[in-house]
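Q: Here it is: the structure, laid out below.
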Amino acid sequence: MSSFVHRALIAATAAAVLAGSAGAQLLPGVGLPALPPVGLPTRDLPVAGPVLQTILAQPGASEAVAPTLNSVSGLPERLAEAPPATLLELRQLRLRELIRQYPRELENDGNGQPVRRGVLVVVDPDPASLQRVSQAGFGVVSDDRDAELGIRNVTLSVPRNLSTRQALKRLRSVAPGLQADFDHLYEPAGGALLPFAGALAASAGAGGGPRIGIVDGGVASHPSMAGASIEQNGFAGRPQPTGHGTAVASLIVGNQGPFQGAARGASLFVADVYGGSRAAGSASSIVRALSWLASKRPQVINISLVGPQNRLVQRAVQALRARGIGIVAAVGNDGPAAPPQYPASYPGVVAVTGVDARGRALPEAGKAAHLDFAAPGADMAAALPGQGYAKVRGTSFAAPLATARLALSGSFQRLASEARPGRGRVGRGIVCGTCRIDPRAVGAK
């Protein structure tokens, strides 16, 4: 395998560069960021099977390993049809490349998951345990007492001579009673983040419909959301408009000619946990975002992000559910062989997968610990930052449709009564099946 995959990745990157003019058409008149280098050192690559090697040699396949931030289209259909084991390999490569690109910010948790380097998070610690870890060389970076969620979240710096992974083992040995964890990163569940040098969507009126929150990247201005009630806040720096956040928001509140969001007239609250950086989206920033959203008293919060189990995120989800706030999350797009993704797999979270125009479950959809519903997630359009529409694919874009219907129907039980049969793993069935916007109707590219 030594040099074959390495050469294939370089070839795929070159093909992507040559196809750059096609990518640029996604955002008319906007300069896109340059493609990052994708020459992965072979020592960093897991063993790749022959199917994966063939896929990586295809033009544009580098998007599946090192997203170039120039698309919101999600996994290409030719890759989505790959065997589950191959999708799992792609996931491993993608996460390794993310860590490689941001060595100062990120580290491997031992299971291939990116985590913030040099810090650990502790939930509701007792004073005696904090004193013991302080004597063991851990420092307190921040101590947040969140009245909205009823959580105390302490961020600790790790001793200089330890990796973050080693530090967590030390911490649990010194204070086994502490609820400690890594500060894991979470990814968009369909399509890459797209930093956009343009304006954020701003509130243009008071929404008279339900109150809906989203945890995502920032939402850019777009004609379809010109009259929408949108409030944004940043939890990884100032909010930055992204393609992913814009697409998700448009599917909820968009309203322009034939493009109709599933909950037009809703008040939308956007919590940006990326600030335009793929090295952001940590558990601690997501919890701060959820706290802010809780203060807005939404009926439902949409989370089209995926990541591993995390004690801090789980505690925040429990607090929101105890307050009667619904949470809808995407199951991810790394195939059924990938481990269950969170927060979709937490009890009480409405887990959503995607279906195509024929009502067939997307083959790349993840296998969550439980599955509640499916919604359109392919053969559909969503808004691009600034203007225009793009074809989108992924469970990221199914989740907001289910979110909209849950907010409008008022309860899980009423939403379940709307579900219609589908093909494959669709949980209780397909909801918002008529919410799909045909790409041809809006000239999506």
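Q: R0 = 35 Å: FRET efficiency of residue 337 with residue 142, Cβ-based, nearest 0.05?
A: Efficiency at R0 = 35 Å is approximately 0.40.
Q: Roughly what % of Cα-Cα distances in the range 250-352 sit above 17 Å, to the whole percent?
A: The calculated P(r) of the range 250-352 puts 56 percent of pairs beyond 17 Å.
Q: Any idea what the relative contact order of the range 210-322 is, in percent, if you count C-alpha pairs under 8 Å spaced at least 6 apart?
A: Across the range 210-322, relative contact order equals 35 percent.
Q: Which whole number in µm²/s is D for the range 296-349 by Stokes-Einstein, with the Kirkwood Rh taken over Cα pairs at 37 °C and 0.692 mPa s?
A: Taking Rh from Cα pairs, D becomes 283 µm²/s.
Q: Can you give the relative contact order of the range 331-445 as a percent, counting alpha carbon pairs under 8 Å and 6+ residues apart?
A: Computed value for the range 331-445: 28 percent relative contact order.
Q: May I pose another question? Which whole-number percent gives the relative contact order of the range 97-164, counting Cα pairs below 8 Å spaced six or more residues apart?
A: With pairs under 8 Å counted, the relative contact order is 32 percent.
Q: Can you list the HN-Hα couplings for the range 116-124, worked out from phi with the Karplus curve (6.51, -1.76, 1.60; θ = phi - 60°), rounded to whole Hz and with x for Gly and Pro?
A: 5, 6, x, 9, 10, 10, 10, 9, 6
Q: Please compute the Cα-Cα pair-distance distribution of the range 140-269 with 5 Å bins starting at 0, giving whole percents from short to long.
A: The percentages, shortest bin first, are 2, 9, 15, 16, 13, 11, 11, 8, 7, 5, 2, 0, 0.
Q: Something else: Can you give me the % of accessible surface on the range 271-312 that is carbon or sulfur? Probe 1.4 Å, all protein chains present, nothing else counted.
A: Carbon and sulfur: 41 percent of the exposed surface of the range 271-312.
Q: Hey, another quick one. Based on the Cα gyration tensor of the range 82-154, what are the three equivalent ellipsoid semi-axes, each the root of five times an eigenvalue, rounded to whole Å and given largest first?
A: Working through the eigenvalues yields semi-axes of 33, 16, 11 Å.
Q: Moving to a separate point now. Return the sequence-ordered ³J(HN,Hα) values of the range 430-437 in whole Hz as given by the Karplus equation 6.51 cos²θ - 1.76 cosθ + 1.60 applied to θ = phi - 60°, using x for Gly and Pro.
A: 8, 10, 6, x, 8, 7, 5, 9
Q: Right, here's the next one. Roughly speaking, what is the stretch gain from residue 369 to residue 414, that is 0.36 nm per residue apart minus the C-alpha to C-alpha distance, in nm to one decimal?
A: Result for the pair: 13.9 nm of gain on full extension.
Q: Under the rule of at least 5 residues apart or a separate chain, name every residue whose amide H is placed under 5 Å from the amide H of residue 213.
A: Counting only residues 5 or more places away or on other chains, the set is 269, 300, 301, 302.
Q: Further, regarding this structure: Report Rg(Cα)/(2.2 N^0.38 Å) for the range 303-445, keeping two decimals.
A: Ratio of Rg to 2.2 N^0.38 Å for the range 303-445: 1.01.
Q: Something else: What residues have an amide H closer than 5 Å to that of residue 106, excluding those fewer than 5 places away on the same chain, when H is modeled at 1.01 Å from N in the peptide plane?
A: Long-range HN contacts for residue 106: 117.
Q: Read phi for every residue in the range 250-265 and hand back ³J(HN,Hα) as whole Hz from Karplus 6.51 cos²θ - 1.76 cosθ + 1.60, θ = phi - 60°, with x for Gly and Pro.
A: 5, 5, 9, 10, x, 7, 8, x, x, 8, 10, x, 7, 9, 4, x
The values are calculated or read from the model by the stated rules, or taken from the named source; none is laboratory data. Nothing here was measured: the structure is a model prediction, and the numbers come from that model. Every residue, glycine among them, receives a Cβ derived from its backbone with ideal geometry; neighbour counts consider all protein chains shown. These area figures cover heavy atoms from the full protein model, side chains too; ligands, DNA and RNA do not enter into them. Shrake-Rupley method; radii C 1.70, N 1.55, O 1.52, S 1.80 Å.
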